[in-house]
1. Which residue, of VAL246, VAL288, VAL276, is modelled with pLDDT of 95 or more, in contact with a strand residue (DSSP E or B) (Cβ under 9 Å, 6 or more places away or on another chain), of a type outside the set (Lys, Arg) and farther than 28 Å from SER167 by Cβ?
2. From the list VAL226, VAL158, VAL201, pick out the single residue that is touching a Pro at 6+ places or on another chain (Cβ under 7 Å), buried (at least 21 other Cβ atoms within 10 Å of the Cβ) and closer than 24 Å to VAL348 by Cα.
3. Name the residues in the range 316-329 that are surrounded by 24 or more Cβ atoms within 10 Å (Cβ to Cβ) and within 30 Å of ILE93 (Cβ to Cβ), would you?
4. Take the residues in the range 352-369 that are of a type outside the set (A, V, I, L, M), assigned to a helix (DSSP H, G or I) and farther than 16 Å from LEU80 by Cβ, then tell me which one is farthest from the chain's Cα centre (by Cα).
5. With a cut-off of at least 2 residues that are over 26 Å from the mean Cα position of the chain (by Cα) and over 29 Å from ASP111 (Cα atoms), name the helices (runs of 4 or more DSSP H) lying wholly within the range 206-302.
6. With in a loop (DSSP other than H, G, I, E, B) and either of a type in the set (Gly, Ala, Ser) or without any contact (Cβ under 8 Å) to a residue 12 or more places away in the chain (or both) as the only criterion, which of GLY135, GLY175, GLY190 stands out?
Amino acid sequence: MAEHTRGRVLIAGGGVGGLAAALAARRAGAEPVVVERSTEPTRSAGTAFNLWGNAITALERIGLRDAVLAVGDPIERMCLSDHRGHPIGETPIGKIGAGLGTASVNIRRADLVGILAEACRDAGIPLRLGAACTGYTPALGGGVTAHLADGATEHGDVLIGADGARSAVRQVLLGDGDPVESSHPIRGIGRIAPGVQPNTVSMAWGPRGGGVGCWPLGGDAVSWTVGTTSALRARIAGGTPVKDAVLAFLADFPEHFTALVRSTPESAIVTSPVLVRPEAGQRGVGPVTLLGDAAHAMPTVFAQGACQALEDAAVLGEEIARTPDLVSALRAYEARREARVAWLRKRVFTMDRLQKVENRLLCKVRNTFTRKAPAEKSEQGWRAMMTFDLAPAG
């Protein structure tokens, strides 16, 4: 690990991206300080991640690959079906990862944040909890001052806005308003049921839009998510309890999906919306830049949100290590991430629109088209997504 001579790096946000950025900066020889609004950043009931091979490669670059693989449940395949259980497509995730020298896992959000936070503590990185960054001002003598909700300030040579889709740093930097609600998934973690395939991300599309997915987390825990339709959301808005509405929606889907929902207490079901933002045309100015959802919050299609935050963090650390000064490192980081993120977001938003179709006939056409699409093309896309630092043309 390098000596801490590269300058002071303030990081607003102690989630996946912020903590990973702190570790990457410390490995590069900088002095990171993290400020986080939550008093319990590892508390995350009902949520889990798919960490694809590109995320594991990023974690390897900050020294946490083995720790995450030891806790996560391996992903060997992804299977897509219609609501009757008829296969639409299958992707050999494990095989693709092996060819790239990486792996993919499912992991609880709390476990991943816990691993990152423990590594930060071990590295002596200050983590100020209950300290929300509300904005910043460039300092006259150089650097930047972050303003906190309690009236305190922190000064650093640069500031990384890793404070999520509702980023206060982005608001000062770009002033482009609030994020947009893209979808309203319903999520939970249930107990394993007959029909849940091991080491598999299973997805089923609904006959009138929406759908459901699940993936094992190890032991008897299985994460599930329901992509809602306008009809399902209207039913909940009309007063039907969330769990009852979801079970009715899933009545015609394979039984293991409904079993997972039944095994999840109503109080543990999460209904928060997915927030999206346009990619920042100018991600940073002077001593400030954005990272993770603050820069490029996107729909959950392909589950790349946390993965891209980890990629951001790894690249930022590498540029801090090899660029003469911290402000130049921010510009090099932004330039290096631009093509990769733009390529990925194009794929994500295209698939998101496809999955939001609610017309029954169009859903059938979508399923037929996807079923007949060459498997090689799908595998090629996944290989590119799982290859860190690659931004294919087209």
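The values are calculated or read from the model by the stated rules, or taken from the named source; none is laboratory data. Computed from a predicted structure; not experimentally measured. In this analysis, Cβ positions are derived from the backbone assuming ideal geometry, glycine residues included, and neighbour counts consider all displayed protein chains.
1. Every option except VAL246 fails the conditions.
2. Only one candidate qualifies: VAL226.
3. Within the range 316-329, LEU316, GLY317 qualify.
4. Per the stated criteria, the residue is ARG360.
5. 230-237, 242-249
6. Going through GLY135, GLY175, GLY190 in turn, the sole match is GLY175.
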